[in-house]
1. State all residues of the stretch 126-144 that are under 24 Å from R65 (Cβ atoms) and touching a residue at least 24 places away in the same chain (Cβ under 8 Å); if no residue qualifies, say none.
2. Hey, could you check the stretch 47-106 for residues that are among the aromatic types (F, W, Y) and outside any strand (DSSP E or B) and say which is nearest to the chain's Cα centre (by Cα)?
3. Return the residues of the stretch 138-155 that are within 17 Å of I79 (Cβ to Cβ) and buried (at least 18 other Cβ atoms within 10 Å of the Cβ); say none if nothing qualifies.
4. Taking the conditions exactly as written (exposed (fewer than 11 other Cβ atoms within 10 Å of the Cβ), farther than 24 Å from H229 by Cβ, in contact with a strand residue (DSSP E or B) (Cβ under 7 Å, 6 or more places away or on another chain) and without any contact (Cβ under 8 Å) to a residue 40 or more places away in the chain), does N277 satisfy them or not?
5. Do we have L190 as in contact (Cβ under 8 Å) with a residue 12 or more places away in the chain and either within 18 Å of N277 (Cα to Cα) or surrounded by 21 or more Cβ atoms within 10 Å (Cβ to Cβ) (or both) here?
6. Using beta carbons and a limit of 6 Å, which pairs, at least six apart or on different chains, have the first residue in the stretch 46-72 and in contact (Cβ under 8 Å) with a residue 24 or more places away in the chain and the second one part of a helix (DSSP H, G or I)?
7. Could you please let me know if K127 is in the same structural domain as R103 (by TED's automatic domain parsing), loosely packed, with under 13 Cβ neighbours inside 10 Å and closer than 17 Å to Y73 by Cβ?
8. Please tell me if Y149 is in a strand (DSSP E or B) and out of contact with any Ser or Thr (no Cβ under 7 Å at 6 or more places or on another chain).
Amino acid sequence: MLDGRFNQLSIFHVNIDIIRGSSLVINNKEKLPNLSSFVLYTAHYTNSYDKLIVPLLHRMTNLERLHLSFVGYVTKSFIDGNNLKQNIIYHMPLLKKFIFNIRSVWFDSPMNIPSTEDIQQTFKDLKDMHIISCVDYFQKEKYSQCLVYSYPYELKHYREITNQFPGGLFRCVREVSLHDEYPFEHEFFLRVARSFPLLEELTLINKKKQINRCIQNQNKHLPIIKYSHLIQLDLSEADQDYYEQFLFDTKTCLPNNLRVRMNYQSVKKVTRNFRRNTTRYNCIKIIHARFYNKFNFPEHLKDYFPNAYIC
């Protein structure tokens, strides 16, 4: 596309599944002087930031608007403000608007990685931009990640949210995934619900038990969390405590017509073999229940999920 055949192109939006290197020798370094707006979005991880993305951007010398969204593997350092300035911003003297959402994933990273505050400091001289940074280190899985994005947030999804999530208001977001090696407490879910008022799909991946579960169960004044627009909830990779978090009507008010993925044994224990009143009200609202690790269901299960297609 950018090999000279469209040298009058001024606006170019790219939504690509994956960016990866090739064994072909491509030596196209011709400038693209007429290109004023460029958008690059890719959903999958890439290790081609330095070899493909940066050289491509260097050809866009007259760019005025740039929007980048990708997840990149790194081996030496995160993609931070210094990196973006040296590799992108300083090469685009006409750049007026830079919107980005970049997650760096660093496997086998050292434990003394830069903190969130360290990363935020690398953006301090970009005074016209509101930028959010978030750094996480996953000791068990032996990798770290750094998310940097311009605010307000424009994507429809926000993935891999951890306890480091700073909050905010994300009206565009419809899909969220939560993942951490530390437990999520009730206050965290309250922050998530308030930050994503139009949330439709929620996936929770966390095998750590809640620390404050017993205290929360005894607290009758605990604010009940509402997910008014939620359509799909995935708890299949969550600890049993999070089934209580979402099914107890003293903690969460689920919307009607909900589709849920759950581990059968976890649901069975939390609902006390599908007879517990505290979880009954939310279960009635489910219209599609997909259970993992179970193929034959007891007859009374349908009574507990009267509106659900069970599979």
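1. L126, M129, I131, I132, S133
2. Keep residues of the stretch 47-106 that are among the aromatic types (F, W, Y), which gives 49, 70, 73, 78, 90, 98, 100, 106.
With outside any strand (DSSP E or B) added as a condition, the list becomes 49, 78, 90.
Values: Y49: 20, F78: 18, Y90: 29 Å.
Ranking the candidates gives F78 first.
3. Scanning the stretch 138-155 gives S144, Q145, C146, L147, V148, Y149, S150.
4. Values: exposed (fewer than 11 other Cβ atoms within 10 Å of the Cβ): yes; farther than 24 Å from H229 by Cβ: yes; in contact with a strand residue (DSSP E or B) (Cβ under 7 Å, 6 or more places away or on another chain): no; without any contact (Cβ under 8 Å) to a residue 40 or more places away in the chain: yes.
Against the criterion (exposed (fewer than 11 other Cβ atoms within 10 Å of the Cβ), farther than 24 Å from H229 by Cβ, in contact with a strand residue (DSSP E or B) (Cβ under 7 Å, 6 or more places away or on another chain) and without any contact (Cβ under 8 Å) to a residue 40 or more places away in the chain), N277 does not qualify.
5. No: the conditions fail for L190.
6. V54/N87; H58/H91; G72/Y49
7. The answer is no for K127.
8. Working: in a strand (DSSP E or B): yes; out of contact with any Ser or Thr (no Cβ under 7 Å at 6 or more places or on another chain): yes.
Taking the combined requirement at face value, the residue satisfies it.
The values are calculated or read from the model by the stated rules, or taken from the named source; none is laboratory data. In this text the structure is predicted, and so the values were computed from the model without any measurement. Heads up, the Cβs are rebuilt from the backbone with ideal geometry, glycines too, and the neighbour counts pull from every protein chain shown.
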